Each structure stands twice: as C-alpha cells, then as structure tokens.
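The values are calculated or read from the model by the stated rules, or taken from the named source; none is laboratory data. Only a predicted model underlies this, so the values are computations on that prediction, with no experimental measurement involved. Cβ atoms come from the backbone with ideal geometry, glycine included; neighbour counts cover every protein chain shown.
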Amino acid sequence: MIRFIHLERRFEKELEALWKRGETGAAAAQKACELLEALTRNGPPDLKKVWKLTGWGEKRIEGCLKYDLGDGYRAICFRRGETLFISYVGDHDECHNWLDHYSGRHNWVAKENGTTLPVQRTGLADWRGREPSDEDLDDDFNNFPVDQIDDKTLRKVFSGLLKNGKQPDQSI
C-alpha cells in the first residue's frame, strides 16, 4: 500500500521548466499537478488506475510506471516499499534518455533528495464498494510492528479469550 509520494528534486526542477515551454509544456505541467493530486488525495491509490499509463510497459527499472500526460509528455515513477517515487517528467525523448541512463540501477534515490508527501487516508465510507487488494493486505500484515506491542496491551486486546483466568468452553 502506498503511504507516501516522494517528489525527487529533479522532477520538481523539470516540472518548473515545463511551465515555461509554451502551451503544450504548460498543459503537461498542469496534468502532472493533477496526477499528484490524484495520487495523494483519495486514500492509497491503485497505481494502475489512478491515471492513464503509457501504451507500453517499462522494464528498464523495476517497478517503473510511466504516466501519459498528453502530447508526448510522461511522468516516470517507481515504487519502493510504501513509497512511490516520482522521478522525472518530460517529453518522450527526454524520458527515454533518462530511463536509459538509470536502467538497471537499484536504490539510487535518497529520500533527502526532494519532497515527501503523505497519502491522505480516507474514511470507511470512502472504501465502500472497494475491496482491499491482496497487495494492500500483505503490506499491512508485513509492516505490522509486533515487536513494539507490550504485554499489557496484548492482555487488554485478548482479554475476551480468557475469562477469569479460565479457558473458554470448547464443547462446541
């Protein structure tokens, strides 16, 4: 489950430059901002449905997603754990060159390099009609801080299992 969106410094600079590239660049920059809004506002996003992906997958970087911003512009993102890194925005050729440069590299991004935004949680009413995916459940289970729960809390949580120190009736 994605809990954070990290905007790399390079992405932030390229987004700023897009606003100055004329009408098509400004339109792509506006769509990039709308993508950020879609990723952060409505609870943990379904990364493949939150925005239109480019027609072809990306295999040069593991976990990479390319979002189509229109007129040949793309936003390049990839997932590491609970964080979606938005790494680059540019036209087709610029993105192709960026991907060639970073292909095959792993863990080359530091969270200090840019801005991290939390994904806003939604209430239970917002989850109606949408079952959590297996990936969501696996992430919650694997990231549960079992070692941080003290005995007093465990006793309180499971007090219903034992009543007055006796085993519950198991004659069912």
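Within the bounds of region 20-31, is there any residue that is surrounded by fewer than 15 Cβ atoms within 10 Å (Cβ to Cβ), at pLDDT 85 or above and within 19 Å of T115 (Cα to Cα)?
Yes, some residue in region 20-31 is surrounded by fewer than 15 Cβ atoms within 10 Å (Cβ to Cβ), at pLDDT 85 or above and within 19 Å of T115 (Cα to Cα).
Conditions tested, residue by residue: (1) of a type outside the set (K, R); (2) within 25 Å of G104 (Cα to Cα); (3) under 15 Å from the mean Cα position of the chain (by Cα); (4) crowded, with 18+ Cβ neighbours inside 10 Å.
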{"residue": "I5", "(1), (2), (3), (4)": "yes, yes, yes, yes"}
{"residue": "A17", "(1), (2), (3), (4)": "yes, no, no, no"}
{"residue": "P44", "(1), (2), (3), (4)": "yes, no, yes, yes"}
{"residue": "C64", "(1), (2), (3), (4)": "yes, yes, yes, yes"}
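For region 71-89, state whether one or more residues are in a helix (DSSP H, G or I), of a type outside the set (V, I, T) and buried (at least 17 other Cβ atoms within 10 Å of the Cβ). Give the steps one after another, and end with the answer.
Going residue by residue through region 71-89, those that are in a helix (DSSP H, G or I) are none.
No; the residues of region 71-89 include none that is in a helix (DSSP H, G or I), of a type outside the set (V, I, T) and buried (at least 17 other Cβ atoms within 10 Å of the Cβ).
With the checklist (1) more than 19 Å from W98 (Cα to Cα); (2) without any contact (Cβ under 8 Å) to a residue 60 or more places away in the chain in hand, flag the one item R3 doesn't pass.
For R3, the exception is condition (2).
Restricting the search to region 40-88, which residues are basic (K, R) and without any contact (Cβ under 8 Å) to a residue 24 or more places away in the chain? Walk me through how you get there before you give the answer.
Step one: list which residues in region 40-88 are basic (K, R), which gives 41, 48-49, 52, 59-60, 66, 74, 79-80.
Of everything in region 40-88, those that are basic (K, R) and without any contact (Cβ under 8 Å) to a residue 24 or more places away in the chain turn out to be K48, K49, K52, K59, R74.
Checking R121 against (1) over 17 Å from the mean Cα position of the chain (by Cα); (2) loosely packed, with under 14 Cβ neighbours inside 10 Å; (3) at pLDDT below 90, which test does it fail?
(1)
Run down L35, L99 and say which single residue is modelled with pLDDT under 90, surrounded by 18 or more Cβ atoms within 10 Å (Cβ to Cβ) and in a helix (DSSP H, G or I).
Working: L35 fails: modelled with pLDDT under 90.
Unique residue meeting the criteria: L99.
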